Every structure is written in structure tokens, then in C-alpha cells.
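K.L.:
Please read through the structure below; I'll follow up with questions.
Each reported figure results from applying straightforward, stated rules to the coordinates on display, with no laboratory input. Quick caveat: nothing in here was measured; it's all calculated off a predicted structure. Cβ: placed from backbone, ideal geometry, glycine included. Neighbour counts: every protein chain shown.
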Amino acid sequence: MYAIVEIAGQQFKAEAGRKLYVHRLKDSEGSKVSFDKVLLVDADGKVSVGAPTVKDAKVEATVLRHLKDDKVIVFKKRRRKGYQTQNGHRQCLTQIQIDEIVSAN
């Protein structure tokens, strides 16, 4: 059984026991969170597609930890103009573990 769920503006495939990295959530480590924006549920071949979301379906998860992603270097240069600039960026992430998928099916 799996579900397509929208978490913090992005869509993820959620399965029980799977760990996901999502954009930083405000919940503290160890807390339980629930996501209601379930777009699709597949229960052993029986597919329910929402319009826009599946009614009475939710995904429950546990916040494992907050962390930062690897550094991304942004380097800009204009050839023969003497212009170069370099910036770095580290995205703030939250690691969650999917506990269960609750659906009306």
C-alpha cells in the first residue's frame, strides 16, 4: 500500500516504514505529524484518485531529526568582463518516517 501525499508544497510517494527528507517542518523531533493532502491511494491494486484530495485519507509520520543538506555552490562568471561571484546554500530539511496510511477504503 502506498500513497502520493503533498508535504510542504512537494509531492512524495509514502509507504509504511519509509524515511523521507522534506522541507523543514516546525514540529519538534520525536513528535507525530499527520498530513491530510493525500492525492492518490493504492491499496493492493485498488486505486483511489482524489479530486483534488482523497476524502478521509491521511498519512501519519514521526519526525526523526532536523538537518541541513549538502552545500550547493552557485558560481557566476562573465567571460572577459572581470566579473565573478560565488555563493553557497544549504537547504534546511526534516527527516520523517512514515508510520501508516489511513484511508476510507
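K.L.:
So, in nm, how far is label Asp69 from label Cys92 when the simple model puts each one 7 Å beyond its Cα toward the Cβ?
P.N.:
Label-label distance for Asp69 and Cys92, simple model: 1.5 nm.
K.L.:
In a Gaussian network model over the chain where Cα atoms closer than 10 Å are linked, find which of Thr85, Thr62, Thr94 has the largest mean-square fluctuation.
P.N.:
Thr85
K.L.:
Counting only pairs 8 or more residues apart or on different chains, how many lysine pairs in the chain have their Cα atoms under 18 Å apart?
P.N.:
Final tally of qualifying lysine pairs is 14.
K.L.:
Whole-Hz Karplus ³J(HN,Hα) for the range 85-101, in order, using 6.51 cos²θ - 1.76 cosθ + 1.60 and θ = phi - 60°, x for Gly and Pro?
P.N.:
Result, rounded to whole Hz: 8, 9, 10, x, 8, 10, 6, 7, 10, 10, 9, 10, 10, 6, 8, 7, 10.
K.L.:
Give the value in nm², to one decimal: projected area of the alpha carbon convex hull of the range 2-102, averaged over all directions. Each step should come with its number before you reach the end.
P.N.:
Numbers: hull surface 35.9 nm².
For the range 2-102, the mean projected area of the Cα convex hull comes to 9.0 nm².
K.L.:
Between Ser31 and Asp44, how many nm apart are label points set 7 Å from Cα along the C-beta direction?
P.N.:
Spacing of the two 7 Å Cα→Cβ label points: 3.6 nm.
K.L.:
Further, regarding this structure: Which residue, chosen from Pro52, Leu39, Leu20, occupies the Cα position most advanced towards the positive end of the dipole of the chain, where the dipole is computed from +1 (Lys, Arg) and -1 (Asp, Glu) charges on Cβ about the Cα centre?
P.N.:
Going by the Cα projections, it comes out as Leu20.
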